[in-house]
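Novice: Take a look at the following structure, please.
The values are calculated or read from the model by the stated rules, or taken from the named source; none is laboratory data. Nothing here was measured: the structure is a model prediction, and the numbers come from that model. Every residue, glycine as well, gets a Cβ built from its backbone with ideal geometry; the counts of neighbours run over all protein chains shown.
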Amino acid sequence: MADTSPGLRAVFVDANPALGDVADQLLHLADIAFTVNRQPDIRPDALPATLAGAAIAVIDHTHLPTAIARTCHGLEHVVFLGTGPRSYMDPDELAELGIAVHTIKGYGDTAVAECAIALTWAAARNFARMDREMRAGNWLRSDALQLTGRTLGVVGFGGIAAEVARLASGVGMRVIAWNRTARTHPGVTFVALDHLLAQSDVVSLHLALNDETRNFLSRERIAGMRSGAILVNTARGALVDEDAMVEALRDGRLRHAGLDVYTVEPLPAGHVLATLPNVTLSAHSAFRTAEANQNLIGAALDHCRRIAAARAPAASALQTGDSR
């Protein structure tokens, strides 16, 4: 492979088997020196040795504390495989160290939307609990919530939410939405947040996590939700006041929660959410499809190429003695 920027190296520090296979396939087309580390459970304190002076770190799910980043000599860029790096690092603090954080949007909009709809159906039909009980030898049957004609409230409206709206409309749900900035979308009625929470049979979260949205679904807002509503979260766990959600699930104010994300990941063994019968759990895997993986790694390589291309003129000038 030809390196368009002398000395530039990139390391995918935590490739799981699926992403590692895609990376290996696409690297045949890459024009930078790229290493794939197939140890997905790497500890943050091992990152300096794993990167070994590389200018670019491609990170899927490994935490990069600022103190560790200071010891990653030569690191200039982090390509985060997703849209929410703040769950794993502090981009502002890294910027102060001269390390730019790049994110990837839109790669898995359909995949995440399908997961949100799947969790909605599973919650409405109580599939997870019936499955557990039947495996234990119990013939559990329960009344379901018919979704056709019900109202889905979408909180935050970007590409994923637009796909959720499309899929929900297709099964006969009425879709309302709230967004921090004004939006319009065919078939979707935008309403005030309090109205959405009070009127929605299902609330699906699609906000980015930042200082403004942390604990966005607060105890007060959970109390303002329609009694017996379903909560679906495929965005970030820290968007929700977890203690308040657990209380609402226990006393029945929330009918069910379908969760793909948590405040602490992986979800610790014995966590209270794993003990509640009206919670369906998914292991932060909403975006894990073959199509999304291809899009994700392809976009990461595009980031690396842009970084290399930006460095190439400066490197060429140094080689030729051009000091312009």
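Novice: Out of the stretch 23-53, which residues are among the small types (G, A, S) and modelled with pLDDT of 95 or more? Break it down into steps so the answer makes sense when it comes.
Specialist: Here is the first cut: in the stretch 23-53, the residues among the small types (G, A, S) are 23, 30, 33, 46, 49, 52-53.
Listed by number, the residues that qualify are A46, A49.
Novice: I'm checking my understanding of the structure. Among residues of the stretch 225-245 that are of a type in the set (G, A, S) and surrounded by 14 or more Cβ atoms within 10 Å (Cβ to Cβ), which one is nearest to the chain's Cα centre (by Cα)?
Specialist: Applying the first criterion (of a type in the set (G, A, S)) to the stretch 225-245 yields 227-229, 235, 237-238, 244.
After this cut, where a residue has to be surrounded by 14 or more Cβ atoms within 10 Å (Cβ to Cβ) as well, the list is 229, 235, 237-238, 244.
Values: A229: 23, A235: 5, G237: 10, A238: 12, A244: 22 Å.
Going through the qualifying residues, I end up with A235.
Novice: Moving to a separate point now. For Q39, state whether it is without any contact (Cβ under 8 Å) to a residue 24 or more places away in the chain, of a type in the set (S, T, N, Q) and farther than 16 Å from A100 by Cα.
Specialist: So Q39 does not fit the description; no.
Novice: Please indicate, with yes or no, whether at least one residue in the stretch 154-172 is closer than 26 Å to N215 by Cβ and polar (S, T, N, Q).
Specialist: Checked the stretch 154-172: no residue is closer than 26 Å to N215 by Cβ and polar (S, T, N, Q).
Novice: Here's another thing I want to ask about it. Pairs, please: C-beta under 8 Å, at least 6 apart or cross-chain, first residue in contact (Cβ under 8 Å) with a residue 12 or more places away in the chain and at positive phi and in the stretch 225-238, second of a type outside the set (D, E, K, R) and surrounded by 21 or more Cβ atoms within 10 Å (Cβ to Cβ)?
Specialist: Here the result reads G228/L254, each pair linking the stretch 225-238 to a residue that is of a type outside the set (D, E, K, R) and surrounded by 21 or more Cβ atoms within 10 Å (Cβ to Cβ).
Novice: Tell me whether the stretch 174-196 contains one or more residues that are assigned by TED's automatic domain parsing to the domain that holds R219, touching a residue at least 40 places away in the same chain (Cβ under 8 Å) and part of a strand (DSSP E or B).
Specialist: no
Novice: Of all residues in the stretch 134-157, how many are at pLDDT 95 or above, more than 25 Å from L193 (Cβ to Cβ) and either touching a strand residue (DSSP E or B) at 6+ places or on another chain (Cβ under 9 Å) or acidic (D, E) (or both)?
Specialist: 0
Novice: Okay, moving on. Please indicate, with yes or no, whether at least one residue in the stretch 206-222 is part of a strand (DSSP E or B) and not hydrophobic (A, V, I, L, M, F, W, C).
Specialist: No: zero hits.
Novice: Output the qualifying pairs, or none if there are none: Cβ atoms under 8 angstrom, residues six or more apart or on different chains, first residue in the stretch 246-261 and without any contact (Cβ under 8 Å) to a residue 40 or more places away in the chain and buried (at least 20 other Cβ atoms within 10 Å of the Cβ), second residue among the β-branched types (V, I, T) and part of a strand (DSSP E or B).
Specialist: Partner pairs satisfying both residue conditions: L249/V279; L254/I230.
Novice: Give the residue, chosen from A67, A57, that is without any contact (Cβ under 8 Å) to a residue 12 or more places away in the chain and either surrounded by fewer than 21 Cβ atoms within 10 Å (Cβ to Cβ) or touching a Phe, Trp or Tyr at 6+ places or on another chain (Cβ under 9 Å) (or both).
Specialist: None of the others qualify; the one that does is A67.
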